[in-house]
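Following: one structure in structure tokens, then a few remarks.
Computed from the coordinates by the stated procedures, all read-outs in this text should not be read as laboratory data. Just so it is clear, the model here is predicted, and its values are computed rather than measured. FYI the Cβ positions are ideal-geometry reconstructions off the backbone, even for glycines, and counts take in every protein chain you see.
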Amino acid sequence: MTATATYTKKLTVPEVAAASRKLISAAIGIFQYLNIPEPKGGFEVDTLRNKSGDVTGIQIRKPGTSGNADTMRIMLKSGSQPERITYYNDVGGGQPIDPERGVAGNDPSQTHIPLSYRGPWKGLPKWWTGG
């Protein structure tokens, strides 16, 4: 699962809307592939970019929010890091979660989840599960 995107022009509002729909469709496909329940009550998807402006993944969040709290990141392979998922709770601006324990993890080996992982997905954000 590798993707590369290069944008050379400013997008119009309809083009941005179409791109957003594609990102949301991709996110739903990823949820199904990984056995992650689809968020209750809707969600927003943003692209993640590095300092050079290259797309490094997507971030899924509760509509109208910002920052790391209550988000999920699906990241592309970069350097020695494989494709992976990280999700955050709402404590202190967002702590990365260990999905097997459902609590904040102490190190990336617990919180950078490979795409081969199929659950359990403990500690998903409360808005995600409808709680």
Legend entry - Computed label-point distance, nm, for sites Q81 and E100 using a 7 Å Cα→Cβ extension: 2.1 nm
Inset, instruction - Pop out the ³J(HN,Hα) list for the stretch 77-82 in order, Karplus 6.51 cos²θ - 1.76 cosθ + 1.60 with θ = phi - 60°, rounded to Hz; leave Gly and Pro as x. - result: 4, 8, x, 8, 7, x
Inset, instruction - In whole Hz, with x marking every Gly and Pro, tabulate ³J(HN,Hα) for the stretch 50-67 from phi via Karplus 6.51 cos²θ - 1.76 cosθ + 1.60, θ = phi - 60°. - result: 7, 4, 7, x, 6, 5, 10, x, 10, 10, 10, 8, 5, x, x, 9, 9, x
Inset, instruction - Pairs of Cα atoms under 8 Å, at least six residues apart: use those to get the relative contact order of the stretch 13-129, whole percent. - result: 21 percent
Legend entry - Cα-based Lys proximity count in the stretch 13-129, under 17 Å, for pairs eight or more positions apart or on separate chains: 5
Legend entry - Computed Rg/Rh of the stretch 13-129, alpha carbon atoms with Kirkwood Rh: 0.94
Legend entry - Residues whose placed amide H lies under 5 Å from that of G102, excluding near-sequence neighbours: K122
Legend entry - Alpha-carbon centroids, the stretch 72-126 and the stretch 26-62: separation in whole Å: 13 Å
